[in-house]
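**Q** This is the structure, below, for whatever I ask next.
Quick note: the coordinates plus some simple rules give every number you see, no bench work behind them. Since we're looking at a predicted model, the values are computed, not measured. Every residue, glycine as well, gets a Cβ built from its backbone with ideal geometry; the counts of neighbours run over all protein chains shown.
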Amino acid sequence: MKCSACHMEMCNKTGEIDLRVNSRLFIIRNISYEECTACGEKILGAKAAQHVYDDIKNRNFTEETIKIPVLDGTEWSRQKGNNPGLNERL
């Protein structure tokens, strides 16, 4: 399968993905998905996606408190010019 974003090859993986629905962040663990080897785009299969959205709709999930790094881009958004891509800087 080819990536819809960059047209490179996708590979099968199982792991954790994050998903935003109505501005709410969901972490889906232990799920199979396709991931682009070039840009990192992740895609769920149709059945898996339907199960995820049904579980969200039916509130069939647990809620956990997790710590995540949060950055403030106020200063960066004011700067102009050529900045290296995120992956190049990490």
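**Q** Lys2: which lysines have alpha carbons under 28 Å from its alpha carbon, excluding same-chain residues fewer than 8 sequence positions away?
**A** Partners found: Lys13, Lys42, Lys47.
**Q** Please get the size of the charge dipole for the stretch 10-80, origin at its Cα centre, with Cβ charges of +1 on Lys and Arg and -1 on Asp and Glu, quoted in debye to the nearest 20.
**A** Values: 11 positive and 11 negative charges, 31 e Å.
Around 140 debye, computed over the stretch 10-80.
**Q** Moving on. Expressed as an acute angle from 0 to 90° and rounded to the nearest 10, what is the orientation of the C-alpha long axis of helix 46-57 relative to the principal long axis of the chain?
**A** Around 90 degrees separate the two axes.
**Q** If R0 is 41 Å, what FRET efficiency do you get for Arg59 and Cys6 from their C-beta distance, rounded to 0.05?
**A** On the way: r = 35 Å, r/R0 = 0.86.
After rounding, the FRET efficiency stands at 0.70.
**Q** Do you know the relative contact order of the chain, to the nearest whole percent, from alpha carbon pairs under 8 angstrom that are 6+ apart? Write out the running numbers ahead of the final one.
**A** Working: 81 pairs, mean separation 16.7, N = 90.
Contact order relative to length: 19 percent.
**Q** A follow-up question, please. Each residue of the stretch 15-23 in order: what ³J(HN,Hα) in whole Hz does its phi give by Karplus 6.51 cos²θ - 1.76 cosθ + 1.60, θ = phi - 60°, with x for Gly and Pro?
**A** Per-residue couplings from phi come out as x, 10, 10, 10, 9, 9, 10, 6, 6 Hz.
**Q** Tell me, in nm to one decimal, what length is gained between Arg24 and Val70 on full extension, where the rule is 0.36 nm per residue of separation less the Cα-Cα distance?
**A** Details: separation 46, 0.36 × 46 = 16.56 nm, distance 1.54 nm.
That works out to 15.0 nm of additional length.
**Q** Could you work out how much longer the chain between Lys13 and Gln50 gets when fully extended? Use 0.36 nm per residue separation minus the Cα distance between them, nm to one decimal.
**A** Length gained, Lys13 through Gln50: 11.5 nm.
**Q** Taking every pair of distinct Cα atoms and averaging 1/r, then inverting, what Kirkwood hydrodynamic radius in Å comes out for the chain? Mind dumping the intermediate values first?
**A** Values: mean 1/r = 0.0630 Å⁻¹.
The answer is 15.9 Å.
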